[in-house]
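**Q** Input: one structure, supplied below.
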Amino acid sequence: MPSEIAVWQIVEATARKLFESYGFNEIKPPLLEKRELFARGIGQETDIVSREMYCIEEASGDVITLRPEATAGVVRAYIQHQLYIHNSVQKLFTIGPMFRRERPQKGRYRQFHQINAEMFGDSGPRSDADIISMAFQLLEILGLENLSLKINSLGCHACRPMFMDKFSVFLANCKNLCTDCIRRSQKNPLRVFDCKVSGCKDALLNAPSILDFLCDECKAHFEELREYLDLLSIPYHIDATLVRGLDYYIRTAFEIQTDQLGAQNAVAGGGRYDGLMRILGGPDHPAIGFAIGMERIVALMEQMGKNPGAPPLDLFIACLGKEAFKKVLPVMKELRYKGLSTEIDYGNKSLKSQMKLADRLKARYTLILGDTELNSGIALLRFMPTGEQKEISVKNLTESLGDLWKC
Ligand code: HAM
């Protein structure tokens, strides 16, 4: 809504500026992609793919989908346009709407917006540290407080199977899993960690920890990331149950949470997805990224009173009669061209109600112009904060008014 838009613009502008300083370029992938892309990329058994996507079947039989997230589409574009040819490391960001079939509630919408950043071409923990630093710094610059960063390592294709064996045995012995989790435990056991049902959450309290199964490379990667986060003074908690609801993650997974938004506490989430490019038909390029939920950031900023509201109006012209309107119409065009916000009343309201409108619009100056002023050649300009008035020549209105903002 217009009353909220200033916060959205601050968030977007701050992200663009910061991301540029980290060397990120903007990309605008389409909102529509083939269903197959998400099924292969995010994983058939995830909540997103199995029940949250909006799909449309075309006459050709192809199923197209309103994107539930941006990563798969960015990777598709990266492969299709061979972006990897020019630079070994590519950093891309995109801002826009995503769509998930959710039961709408505070902080959870069917159409929501993400600020999404992806870095391709480096597999080491240095890029993990840099990308987490960028996500955290953005939220800090926006003035958000009481954020907590959770990190985990999901291991790699070498060590994760050992954990999965142990975890599958553990799940087979769990008594109170919901029907979804019984299915998940057979098809994609890691997804049991995504379940919100309290019985399943309780059952997982004694689950084996994936961190106990990391191979030497994954362990070293995780340790080095922690060292860099310490160096950057970014506080974090290790959460071995943080698996994030998408199948593509390997090694680092992270989430930034708040305690100010109730149940929808994740404001940002991301991780490393080194195998995704290959799965989607591209080269074997490593990647890491994150997405920030804009509605949640905006809600936090509103709660903290960080909405500056609509910008004040530079000039209101209280215009009395058709002749006065004809005089000011080209003047307004020129002033607006110079970047001065200028407003009039389009009807034929009385001077009193036009002055009320000027107040409501928080006009800095109000010019009063009617037949009397046209005849005398002198109009009144009122500085609204003090009520002080001065006379200006009707002849050179554009220049006299434009001069007010020259300094
Ligand atoms: P995600 O955790 O699904 O990750 O979404 C990231 C953020 O989007 C969440 O932390 C939350 O703030 C916001 N979000 C998600 N769903 C909703 C919703 N229904 N309503 C409002 N906000 C929501 C991803 O999407 C990954 N693609 C992130 C990523 C990028 N990983 C690597 N690169």
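The values are calculated or read from the model by the stated rules, or taken from the named source; none is laboratory data. Keep in mind it's a predicted model, so treat the numbers as computed, not measured. Using ideal geometry, Cβ is built from the backbone for each residue, glycine included, and neighbour counts are taken over all protein chains shown. Keep in mind that these areas ignore ligands, DNA and RNA; they rest on the heavy atoms of the full protein, side chains included. Shrake-Rupley method; radii C 1.70, N 1.55, O 1.52, S 1.80 Å.
**Q** For the range 315-403, state the average projected area of the convex hull of the C-alpha atoms over all orientations, rounded to one decimal in nm².
**A** Numbers: hull surface 20.6 nm².
Averaging across all directions leaves 5.1 nm² for the Cα convex hull.
**Q** When the chain is modelled as a GNM with alpha-carbon springs shorter than 10 Å, which of GLY107, GLY43, GLY377 fluctuates the most?
**A** GLY377
**Q** For the range 223-296, rounded, prolate or oblate, judged on the Cα gyration tensor with a ≥ b ≥ c (square roots of eigenvalues), a/c < 1.5 rounded, else prolate if a/b > b/c? Display every interim value, and only then the final one.
**A** Working: a/c = 2.25, a/b = 1.36, b/c = 1.66.
Oblate, since a/c reaches 1.5 and b/c is not below a/b.
**Q** Mind running the shape call on the range 142-182? Use the C-alpha gyration tensor, a ≥ b ≥ c as the square roots of the eigenvalues: rounded below 1.5 for a/c, prolate if a/b tops b/c, oblate otherwise.
**A** Numbers: a/c = 4.06, a/b = 1.64, b/c = 2.47.
The shape class here is oblate.
**Q** In degrees from 0 to 90, rounded to the nearest 10, what is the angle of the helix 71-80 Cα long axis to the longest principal axis of the chain?
**A** With rounding to tens, the tilt is 90 degrees.
**Q** Mean projection of the alpha-carbon convex hull of the range 1-68 over all orientations, in nm²?
**A** Details: hull surface 28.4 nm².
About 7.1 nm², averaged over all directions.
**Q** Using a simple charge model, +1 on the beta-carbon of Lys and Arg, -1 on the beta-carbon of Asp and Glu, nothing else, what dipole does the chain show about its Cα centre, in debye to the nearest 20?
**A** On the way: 51 positive and 51 negative charges, 241 e Å.
Roughly 1160 debye, rounded to the nearest 20.
**Q** OK, next. Viscosity 0.890 mPa s, temperature 25 °C: what is the translational diffusion coefficient of the chain from Stokes-Einstein with a Kirkwood Rh over Cα pairs, rounded to a whole number of µm²/s?
**A** For these conditions, the coefficient is 99 µm²/s.
**Q** Oh, and also: Round to the nearest 10 and report in Å² the accessible area of CYS55, as given by a 1.4 Å probe over the protein chains' heavy atoms.
**A** 60
**Q** Another question about this same structure. Over the chain, with a Gaussian network built from C-alpha contacts below 10 Å, which listed residue (ASP202, ASP314, ASP122) shows the highest mean-square fluctuation?
**A** Ranking ASP202, ASP314, ASP122 by mean-square fluctuation puts ASP314 first.
**Q** What's the extension gain from ASP230 to LYS322 if we count 0.36 nm per residue and subtract their Cα-Cα distance?
**A** Values: separation 92, 0.36 × 92 = 33.12 nm, distance 6.85 nm.
Gain on extension, ASP230 to LYS322, equals 26.3 nm.
**Q** In straight Cα distance, which lysines are under 30 Å from LYS34, not counting same-chain residues fewer than 8 positions off?
**A** LYS91, LYS106, LYS187, LYS196
**Q** OK, next. Rule-of-thumb check for the range 258-407: C-alpha Rg over 2.2 N^0.38 Å?
**A** Values: Rg = 25.7 Å, N = 150, 2.2 N^0.38 = 14.8 Å.
Against the compact-globule rule of thumb, the ratio is 1.74.
**Q** Skip the ligands, DNA and RNA, and give the accessible area per residue of the chain with a 1.4 Å probe, whole Å². Please report the intermediate quantities before stating the final value.
**A** Details: 20240 Å² over 407 residues.
Using a 1.4 Å probe on heavy atoms only, each residue of the chain averages 50 Å².
**Q** For the Cα atoms of the chain, what angle does the longest principal axis make with the long axis of helix 322-337, in degrees from 0 to 90, nearest 10?
**A** 40
**Q** Whenever you get a sec, compute what percent of the accessible area on the range 123-166 sits on carbon and sulfur atoms (1.4 Å probe).
**A** Working: 840 of 1720 Å².
After summing per-atom areas, the C and S share lands at 49 percent.
**Q** Springs between alpha-carbon pairs under 10 angstrom, Gaussian network model over the chain: which of ASN307, ASN206, ASN375 fluctuates most?
**A** ASN375
**Q** Highest first, please rank the peptides 250-256, 295-301, 144-150 by the mean number of other Cβ atoms sitting within 10 Å of their residues. Write down the numbers at each step before the final one.
**A** On the way: 250-256: 23.6, 295-301: 21.9, 144-150: 15.6.
In decreasing order of mean packing, 250-256, 295-301, 144-150 become 250-256, 295-301, 144-150.
**Q** Carbon and sulfur atoms: what percent of the 1.4 Å accessible area of the range 315-403 do they account for? Don't skip to the answer; put the middle values down first.
**A** Details: 2740 of 5270 Å².
C and S atoms contribute 52 percent here.
**Q** Follow-up. Measure off 7 Å from each Cα along the Cα-to-Cβ vector at MET1 and GLU388, then give the distance between these two points in nanometres to one decimal.
**A** For the pair MET1/GLU388, the computed spacing is 3.7 nm.
**Q** Return one number: the angle in degrees, 0 to 90 and rounded to the nearest 10, between the long axis of the Cα atoms of helix 216-231 and the longest principal axis of the Cα atoms of the chain.
**A** Between the helix axis and the principal axis of the chain, the angle is about 30 degrees.
**Q** What percentages, rounded to whole numbers, describe P(r) for the range 110-184 computed over all alpha carbon pairs with 10 Å bin width beginning at zero?
**A** All Cα pairs considered, the percentages come to 12, 27, 27, 29, 5.
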